[in-house]
Amino acid sequence: MYDDYRMTPAEPELAPRPTFYLRLSRPVVSRVIMVALLVGFVIEIVYGVLFYDTWMTFGGTDIMVLVDLGAKVNILIAAGEYWRLFTATLLHGGIMHLLFNLYALFAMGPLLEAYVGPLRFLAIYLLAGLYGSLASYAFADSISVGASGAIFGIVGATTVYFFRYRDNFGAQARAVLQNMVIIVAINLVFGLSAGNIDNWGHMGGLFGGALAAFGLLPRYRQPQVVSGHHALEVEERRIAEAAWIAFCGGLFAVGVFLVTQNYQPALQELFR
């Protein structure tokens, strides 16, 4: 007696689905910026000793030292010293001010730089710092210094990045976005309750960082593979990214021009 065999087509073996990962950048630029801020602070100390015979204390830096070295002073900017909008981001009003910003940069800078790369990170940081100074120039009369605006820009850019790729990162994106919201909320509450914090500079930097990141986010191209573990490729967009940086810079220049026009009556009265 023979067994009755049923002949069926052999089922094809299914290849495992491919998986992908991102090549993360080393935090080179964020570390260089930290060193630059430390160097700037040392220059403040030395300059104060040499020219004003004052030593740095925990209470803060001599205001004249900050003004001489490039603090944001609205009337001087309106008179043509536009470089102060940048140099103000390299100075700090005291050792606690410096340490707080160094810690914030150490905690958040490498994360953003790892995902967007060093050149994009540098562009975001610089634009955020300038936009922070612009907002302070427009809405705050007090003399101000500090990298806080640029650091808030890192918060804004990180939020834009993880919101854009929230579906890809899943729980990690949700955690990062929640942390960014908490950081902004805490700083807003603390800033509004204190009298010596440049809240306009913070908000300007937050906006500038988010704006810069909107056009500088890396875009990924999935490799044409059927299996294995592969790195996602970043699309080549140098011209588009350079154009976006130019756009952000142009918008900043227009803002500086418009704010400066409001100071013209004061300048005419001052030099009359």
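What follows draws every value from the coordinates through simple rules; no lab data is involved. Just so we're clear, the structure is a prediction, and the values are computed from it rather than from any experiment. Neighbour counts run over all protein chains shown; Cβ positions are idealised from the backbone, glycine included.
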Segment Arg26-Glu236, length gained on full extension (0.36 nm per residue, minus Cα span):
73.6 nm
Fully extended contour minus Cα-Cα distance, from Arg164 to Leu99, at 0.36 nm per residue
20.3 nm
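In the stretch 142-182, how does Rg compare with the Kirkwood Rh, expressed as the Rg/Rh ratio over alpha carbon atoms?
Checking Rg against Rh, the ratio lands at 1.16.
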Need the full-extension length gain, Ala138 to Asn196, defined as separation in residues times 0.36 nm minus the C-alpha distance. One decimal, nm.
19.2 nm
Work out from phi, with θ = phi - 60° and the Karplus expression 6.51 cos²θ - 1.76 cosθ + 1.60, the ³J(HN,Hα) of each residue of the stretch 248-265, listed in order in whole Hz, and give x for Gly and Pro.
4, x, x, 5, 4, 4, 4, x, 4, 4, 5, 5, 4, 4, 5, 8, 4, x
Sort Leu211, Leu134, Leu38 so that the residue with the fewest other Cβ atoms within 10 Å of its own Cβ comes first and the one with the most comes last.
Leu38, Leu211, Leu134
How would Val49, Val155 line up from fewest to most surrounding beta-carbon atoms within 10 angstrom?
Val49, Val155
Treating only Lys and Arg (+1) and Asp and Glu (-1) as charged, each at its beta carbon, one finds that the chain has a dipole about its Cα centre, in Debye to the nearest 20, of 240
So if we plug the beta-carbon distance of Phe106 and Ile45 into 1/(1 + (r/R0)^6) with R0 = 22 Å, what FRET efficiency do we get, rounded to 0.05?
0.55
Would you calculate a helix-derived [θ] at 222 nm for the chain, using -39,500 (n - 2.57) for each DSSP H run of n ≥ 4 and dividing by the full residue count, to the nearest 500?
-21500 deg cm²/dmol
Residues with amide H under 5 Å from that of Gly60, placed H, sequence gap 5 or more:
Ile95
Taking H as built 1.01 Å from N, whose amide H comes closer than 5 Å to the amide H of Ser144, not counting residues under 5 places away?
Lys72
Quick check for me: using +1 on Lys/Arg Cβ and -1 on Asp/Glu Cβ, what's the dipole size of the stretch 129-272 about its Cα centre, in debye to the nearest 20?
260
Taking the chain and dividing mean pair separation by its residue count, relative contact order in percent (alpha carbons under 8 Å, at least six apart)
24
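Sorting Asp198, Asp141 on the 10 Å Cβ count, fewest up front, what's the list? Walk me through the numbers on the way to the answer.
Numbers: Asp198 25, Asp141 10.
Going from sparsest to densest Cβ surroundings: Asp141, Asp198.
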Length-normalised contact order for the stretch 22-162 - Cα pairs under 8 Å, 6+ apart - percent
32
Mean projected area in nm² (Cα convex hull; one quarter of hull surface) for the stretch 63-179:
7.9
Using alpha-carbon pairs under 8 Å, 6+ residues apart, how would you state the relative contact order of the stretch 106-151 in percent?
43
Of the listed peptides 78-91, 239-252, what is their order by residue-averaged count of other C-beta atoms within 10 Å, with the highest listed first?
78-91, 239-252
